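This report concerns only the one structure given below.
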């Protein structure tokens with residue numbers, strides 16, 4: 001079992017703190033497994049089984065818990081009065097007005113409360129309304145490249161990367177032995193997201209059109225897209241769709257965390273731009289098995305990997321604009337900013353007859369501040385510093401502590 005130390009460390013740090021720990025994430029990214037790992041940690045560090053109350057609301061065993069009052073009563077009846085209680089409620093969004101039960105449990109002095117929810121039904125904006133000022137959100141993603149390496153220790157990094165972007169990073173895929181099995185599993189996840197999490201929630205009736213737009217978006221990760229050009233593409237293919245419908249579809253994809261929308265940031269003007277966004281997919285294995293391997297998109301696949309890793313490391317991520325040039329990523333956190341260019345290789349000449357390395361350096365040299373600037377590439381190179389710009393092998397960077 002992969003321990004998911006990044007998230008486990010967060011739970012340890014907030015253990016016994018008077019705040020609700022809310023774990024969110026896309027389907028099958030490992031939320032329930034994380035709770036099991038954390039419960040084992042508690043049991044191995046002085047906490048008894050009697051102090052742990054755990055409910056998975058997807059289990060029919062708890063089918064009698066069908067409203068917030070029955071949820072509260074079930075847990076309240078099991079509380080130890082003279083010891084600390086560790087309460088775990090998995091998939092809490094299945095209970096209408098769950099926050100009423102959670103609030104009542106939270107105010108008890110001997111309760112440490114952990115809940116999980118699926119993003120499509122448990123958005124950050126909704127959390128802020130339901131649990132205002134009483135929670136921290138731990139946003140889980142599928143396996144990082146470093147976590148993948150924990151499982152496939154004997155694979156060379158280059159071979160591991162190819163497996164990572166082909167088979168994908170959903171934890172359960174590591175237990176499957178063939179490409180056919182992975183394909184069946186990932187296809188079922190895809191169908192679940194399309195039908196349950198997008199169609200049902202957004203009240204969409206045209207499944208074929210929705211899948212066409214989903215495929216178009218996966219085919220265009222890392223490209224600037226707009227609702228107009230998506231609609232025009234569908235219409236040119238003989239489909240009847242309008243911009244408003246496309247907006248609804250994209251909203252469903254992002255709310256379910258099937259896609260991530262990345263807006264643009266004007267670096268010199270220090271302002272966020274309203275147009276020219278890009279999208280990345282939550283799992284590249286899903287893209288591979290739905291679309292197949294596509295020649296010539298290695299750079300965008302690598303961008304997708306880097307984008308998700310920046311999210312894992314706690315950054316808010318934007319597409320950068322400096323004069324007429326584009327910076328792949330502007331990563332911002334409480335320490336400041338980092339500018340990142342991504343290229344599968346720095347060797348050779350691009351389509352405009354520019355040397356690729358010079359092109360990537362030129363963009364970053366246009367930025368006149370002292371924040372970190374970095375180029376990440378699949379080329380096997382040691383860490384190089386060029387005029388204050390780091391050039392790194394991306395697999396080494398992905399395996400950083």
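The values are calculated or read from the model by the stated rules, or taken from the named source; none is laboratory data. Owing to the predicted nature of the structure, the values given are computational and were not obtained by experimental measurement. Positions of Cβ are generated from backbone atoms using ideal geometry, with glycine treated the same way; all protein chains shown enter the neighbour counts.
Could you grab me the full set of residues in the range 122-158 that are assigned to a loop (DSSP other than H, G, I, E, B) and surrounded by 19 or more Cβ atoms within 10 Å (Cβ to Cβ)?
Within the range 122-158, 122, 131, 141, 142, 143, 144 meet the criteria.
From the list 252, 292, 269, pick out the single residue that is more than 12 Å from the chain's Cα centre (by Cα), more than 30 Å from residue 9 (Cβ to Cβ), surrounded by 14 or more Cβ atoms within 10 Å (Cβ to Cβ) and assigned by TED's automatic domain parsing to the domain that holds residue 196.
Of 252, 292, 269, the one residue that is more than 12 Å from the chain's Cα centre (by Cα), more than 30 Å from residue 9 (Cβ to Cβ), surrounded by 14 or more Cβ atoms within 10 Å (Cβ to Cβ) and assigned by TED's automatic domain parsing to the domain that holds residue 196 is 252.
One residue is enough: does the range 312-324 have a residue meeting the conditions more than 30 Å from residue 137 (Cα to Cα) and over 29 Å from the mean Cα position of the chain (by Cα)?
Yes, some residue in the range 312-324 is more than 30 Å from residue 137 (Cα to Cα) and over 29 Å from the mean Cα position of the chain (by Cα).
Only one of (1) under 30 Å from residue 255 (Cβ atoms); (2) more than 21 Å from the chain's Cα centre (by Cα); (3) surrounded by 16 or more Cβ atoms within 10 Å (Cβ to Cβ) is not met by residue 344, so which one is it?
For residue 344, the exception is condition (1).
Take residue 263 and decide whether it is surrounded by fewer than 16 Cβ atoms within 10 Å (Cβ to Cβ), within 16 Å of residue 329 (Cβ to Cβ), in the same structural domain as residue 330 (by TED's automatic domain parsing) and touching a residue at least 24 places away in the same chain (Cβ under 8 Å). Lay out the reasoning, then the answer.
Details: surrounded by fewer than 16 Cβ atoms within 10 Å (Cβ to Cβ): yes; within 16 Å of residue 329 (Cβ to Cβ): yes; in the same structural domain as residue 330 (by TED's automatic domain parsing): yes; touching a residue at least 24 places away in the same chain (Cβ under 8 Å): yes.
Against the criterion (surrounded by fewer than 16 Cβ atoms within 10 Å (Cβ to Cβ), within 16 Å of residue 329 (Cβ to Cβ), in the same structural domain as residue 330 (by TED's automatic domain parsing) and touching a residue at least 24 places away in the same chain (Cβ under 8 Å)), residue 263 qualifies.
Report whether or not residue 161 is crowded, with 19+ Cβ neighbours inside 10 Å, touching a residue at least 60 places away in the same chain (Cβ under 8 Å) and out of contact with any strand residue (DSSP E or B) (no Cβ under 6 Å at 6 or more places or on another chain).
yes
Looking at the range 337-354, which of its residues are out of contact with any helix residue (DSSP H, G or I) (no Cβ under 6 Å at 6 or more places or on another chain), at pLDDT 90 or above and either assigned to a loop (DSSP other than H, G, I, E, B) or more than 22 Å from residue 145 (Cβ to Cβ) (or both)?
337, 345
Can you work out which of the residues in the range 355-377 that are farther than 22 Å from residue 268 by Cβ and either outside any helix (DSSP H, G or I) or modelled with pLDDT of 95 or more (or both) is nearest to the chain's Cα centre (by Cα)?
Result: 376.
With (1) buried (at least 20 other Cβ atoms within 10 Å of the Cβ); (2) in contact (Cβ under 8 Å) with a residue 60 or more places away in the chain; (3) over 20 Å from residue 271 (Cβ atoms) as the list, and residue 307 as the residue in question, which single condition is left unmet?
(2)
Test of understanding: among 217, 209, which residue is over 23 Å from residue 168 (Cβ atoms) and either crowded, with 20+ Cβ neighbours inside 10 Å or touching a residue at least 24 places away in the same chain (Cβ under 8 Å) (or both)?
Step by step, each of 217, 209 is checked, and only 209 is over 23 Å from residue 168 (Cβ atoms) and either crowded, with 20+ Cβ neighbours inside 10 Å or touching a residue at least 24 places away in the same chain (Cβ under 8 Å) (or both).
Among the residues that make up the range 223-234, is at least one of them without any contact (Cβ under 8 Å) to a residue 40 or more places away in the chain, assigned to a helix (DSSP H, G or I) and closer than 21 Å to residue 306 by Cα? Reasoning before the result, please.
Looking only at the range 223-234, we keep the residues that are without any contact (Cβ under 8 Å) to a residue 40 or more places away in the chain, and these are 227-234.
Pick out the ones that are also assigned to a helix (DSSP H, G or I) and you get 227-234.
Filter once more, keeping what is closer than 21 Å to residue 306 by Cα: none.
No, because not a single residue in the range 223-234 is without any contact (Cβ under 8 Å) to a residue 40 or more places away in the chain, assigned to a helix (DSSP H, G or I) and closer than 21 Å to residue 306 by Cα.
Report the residue count in the range 357-381 for those that are in contact with a strand residue (DSSP E or B) (Cβ under 8 Å, 6 or more places away or on another chain), surrounded by fewer than 19 Cβ atoms within 10 Å (Cβ to Cβ) and more than 14 Å from residue 342 (Cβ to Cβ).
Residues flagged as in contact with a strand residue (DSSP E or B) (Cβ under 8 Å, 6 or more places away or on another chain), surrounded by fewer than 19 Cβ atoms within 10 Å (Cβ to Cβ) and more than 14 Å from residue 342 (Cβ to Cβ) within the range 357-381 amount to 8.
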